[in-house]
Amino acid sequence: MYGNSEVQDSEMSQKRILLVEDERHIAEGIIINLEPEGFEIVLASDGNMALNYYDNMSFDLIILDIMLPGIDGLEVCRRIRTKLGTEPILFLTARDSLDDKKDGLAIGADDYITKPFDIEELILRIKAIFRRQAWLASESASGDIYKFTGGVINFKTFEVSGKNGTFHLSNKECLLLKYFTEHPDEVLSRNMILDAIWGYNEYPSSRTVDNFILHYRKYFEPNPSAPIYFHTEFGTGYKFTPKGK
């Protein structure tokens, strides 16, 4: 998926991470293990502090606990996305329920890891997120702006324009759209998409990709109930047809 833009570990050293975690021993354990990897860690112990740091600094990734005093992690995520922030957000959660994970995805989370977690798994998740971000930032054959019959996608500004107006994309929406544009007229299975965009083929709901397809239809389709660009191939996967079908 990533081609020549795959990030080497040495290139990770410039990444600044906002860690939002109120349990001191967990925060310290994460910092002790991430700093030797070359990451700069800024720690916030509650939601208000996190939002203050976010408004005054730039970050490459936000690691966000859901259960926080005052403003919880879901609300922090929601406010960041309301500000049109596109930084990837990885949730830390002790709550392993399907609803909690679906809620996080719905408001713009990119990934999650359930407590207790293995620190090596967390590091692998972080590096995978940065590799995907590097691929997203890399210029494709069509450049940063992709034009097709249904509209225009700007991968640099995370904006799309079509017959239904102009919309701002979430980070994951942008990643998945780029994946589709690099595989036009191909049927892509759900597992192929989850492995490419999330890094593994298990996710909270079988409707995860379906929900993204519904978003794209709202953005581009003249009649979302009769799509001509973004198709669900029942029992097989999904297909993007840039010239319409």
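Details
- Structure note, pairs K127/K245; K147/K245; K178/K245; K147/K239; K218/K243: Cα-Cα distances above 26 angstrom occur for K127/K245.
- Reference-scaled alpha-carbon Rg (2.2 N^0.38 Å with N residues) for the chain: 1.02
- Inter-label distance, nm, simple model (7 Å from Cα along the C-beta direction), L124/L194: 1.6 nm
- Pairwise Cα distances in region 118-182 exceed 21 Å for 30 percent of all pairs.
- Calculated FRET efficiency, K156 to S225, Cβ-Cβ distance, R0 = 35 Å: about 0.65 to the nearest 0.05.
- Considering only alpha-carbon pairs that sit under 8 angstrom and 6 or more positions apart, the relative contact order computed for region 145-240 is 28 percent.
- For region 145-240, Kirkwood radius (reciprocal of mean inverse C-alpha pair distance, Å): 13.5 Å
- Residue (of I62, L84, F240) at the positive-pole extreme of the chain, dipole from beta-carbon charges: F240
- Rounded to 5, the percent of DSSP beta bridges in the chain classed as antiparallel: 55 percent
Every number here is computed from the coordinates shown, using simple stated rules; none is lab data. These numbers were taken from a predicted model, which means no experiment stands behind them. Virtual Cβ from ideal backbone geometry, glycine too; neighbours counted across all protein chains shown.
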